[in-house]
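Contents: one structure, followed by commentary.
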Amino acid sequence: MALLASTPARPAITNCQIGVFAAYVSRHGQAFIDRALYLPRDWTADPERLAAAHVPKGIEFSTKPRLAQDMIERAIAANTPFAWVAADSVYGVGHLETALRRAGKGYVLGVKGTHAVKAWIDRPWLSGTAEQVARALPSSAWRRCSAGEGTQGPRLHE
């Protein structure tokens, strides 16, 4: 749970714990295989705060995508058998995609609708924002998939 309090006289104060997690999923089941605690830059820049929270020495600021990339690199180094990675829009841009391509891994990375993309679905290539490309695709290019049962029924996505 994230708690946010702000007043006009001072900047927002955030007190929360944010984790980045790697889970291995197969037809046989799923399990968490790695995790990292994300610490905002203002935390890692404050040695007294780190000490008071018992954060181990040597922990420096790292973005959530960088933490995820480190986990993927550890999984590859450990010969964890996986073919692809899925992640939400926090991770869908930047170096993570490049690292996955270089490692020969497939991926499904969310992006914001304003993200510039090139789609390799058809020739000529479609390019523009993610929203523009999605709207330009014919209905036959879409397939509805289930992300499993949620508390309010099936979680369907296109």
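The values are calculated or read from the model by the stated rules, or taken from the named source; none is laboratory data. Note that the structure is a prediction, hence the values are computed from the model and not measured. Don't worry about glycine lacking a Cβ; one is built from the backbone with ideal geometry, like all the others, and counts go over all protein chains shown.
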Across segment 64-81, the tally of residues that are surrounded by fewer than 17 Cβ atoms within 10 Å (Cβ to Cβ) and either free of Cβ contacts under 8 Å to residues at least 24 places away in the same chain or farther than 24 Å from residue 112 by Cα (or both) stands at 8
Could you please let me know if residue 34 is at pLDDT 90 or above, part of a strand (DSSP E or B), closer than 27 Å to residue 96 by Cβ and of a type outside the set (Phe, Trp, Tyr)? yes
Against the condition within 16 Å of the chain's Cα centre (by Cα) and over 20 Å from residue 33 (Cα atoms), how does residue 128 come out, does it pass? no
Just give me the residues in segment 95-109 being part of a helix (DSSP H, G or I) and either surrounded by 11 or more Cβ atoms within 10 Å (Cβ to Cβ) or of a type in the set (D, E, K, R) (or both), in sequence order. 95, 96, 97, 99, 100, 101, 102
Keeping to segment 82-97, report how many residues are under 8 Å from the mean Cα position of the chain (by Cα) and acidic (Asp, Glu). 1
Could you go through segment 47-63 and let me know if any residue there is touching a residue at least 40 places away in the same chain (Cβ under 8 Å) and either surrounded by 15 or more Cβ atoms within 10 Å (Cβ to Cβ) or closer than 22 Å to residue 19 by Cβ (or both). no
List, please: which pairs have Cβ atoms under 7 Å, are six or more places apart or on different chains, and start with a residue in segment 117-130 that is part of a loop (DSSP other than H, G, I, E, B) and end with one that is of a type in the set (A, V, I, L, M) and at pLDDT below 80? 125/119
Residue 92: among the small types (Gly, Ala, Ser), surrounded by 11 or more Cβ atoms within 10 Å (Cβ to Cβ), part of a loop (DSSP other than H, G, I, E, B) and in the same structural domain as residue 38 (by TED's automatic domain parsing), yes or no? yes
Long-range neighbours under 9 Å by Cβ, at least six apart or interchain, first residue without any contact (Cβ under 8 Å) to a residue 60 or more places away in the chain within segment 97-112, second polar (S, T, N, Q): 99/69; 100/69; 109/89; 110/89; 111/89; 112/89; 112/129
